[in-house]
Amino acid sequence: MSELHDTNRTPLAGPPDAAARRVARRGARRGAQREAHPALEAIWASSEDHVRAAQRLRYQVFVEEMGAQPAHIVGAPAGHDIDVFDDFCEHLLVRTVPADGEPGEVVGTYRVLTPTAARRAGSFYSDTEFDLTRLRPLRDRMVELGRSCVHAEHRSGGVIMTLWAALAQFMQVNAMEHVIGCASVSMRDGGHCAASLWARLRETHLAPIDFQVRPRVPLPVDDLDQSLEVEPPALIKGYLRLGAQVLGAPAWDPDFNTADLPLLMRLGDMPQRYRRHFLDV
């Protein structure tokens, strides 16, 4: 394995320390209990091989399954979802744990961009889709989550719980308070479901105006049917249960053919039952 060497990294931008790794593994075991088979473990990428495994899973889900158009990165290997932010992010992987103890299959992944790394990258990924000016006071303690995906054969809940447990511990260890991200809704129906979901969520989960943001390429919701009875996708529903708020109207991402809703979650707003589960508090 060829280790990743980034001389620009700081301890904050790196993976959790040894104590954090222990609590992440503990959280991973809790998530795995929700799936009888297989056992699961969460790891933070520490080699190029780890990152490539995450990028292959992302390609399988986003490109092959969902029809996204992959970014064109010179020299990038085929069959990998790669963009310019990857080199600045920490990559969290969930793997199966085979009985023989060998490294298992990567079945889930997230990438995490810390404030320090975002400054080196020039922005958060979300900055490319939304004007985040009103979030400026939060940036020093705000991390961005992105490129979340789970293998099609492992979407019964255990993988995402394992990811969230490790992410919550990362936030706690690194003294981060806020999480931002773009939650995607498929546009295969032309955007009507996304527009209807936005119409529903702005009535129930819209953030205060001090934290609202504007899409750079807005989804034309006024031209779409906003009256459909739609349920939020499972991932968005999970974020809302954890206390997330919607920051404004959706942006249109033509490369992924999705409508992206900007979400913000404050760790302190997480309901107590989830704080006990993920943070032991």
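Just so you know, all these numbers are worked out from the coordinates, no wet-lab data involved. Note that the structure is a prediction, hence the values are computed from the model and not measured. Cβ placement follows ideal geometry from the backbone for every residue including glycine, while neighbour counts extend to all protein chains displayed.
Using every pair of distinct Cα positions in the range 191-278, the Kirkwood expression returns a hydrodynamic radius of 13.7 angstrom.
Rounded to the nearest 20 debye, the dipole size of the chain about its Cα centre is 1140 debye, using +1 on the Cβ of Lys and Arg and -1 on the Cβ of Asp and Glu.
Directionally averaged projected area (the chain, Cα convex hull): 14.8 nm².
Scanning the chain for long hydrophobic helices, with DSSP H runs required to stretch 18 angstrom or more by C-alpha along their axis and to average at least 0.5 on the Kyte-Doolittle scale, returns 158-173. The sum of -39500 (n - 2.57) across all DSSP H runs of n ≥ 4, divided by the residue count of the chain, sets its helix-only mean residue ellipticity at 222 nm to -8500 deg cm²/dmol. Among the trypsin sites (Lys or Arg not before Pro) in the range 191-281, those placed in a DSSP loop whose Cβ has at most 14 other Cβ atoms within 10 Å are 216.
With the charge dipole of the chain set up from +1 on Lys and Arg Cβ and -1 on Asp and Glu Cβ about the Cα centre, the Cα lying farthest toward the positive end among the listed residues 201, 250, 217 is that of 201.
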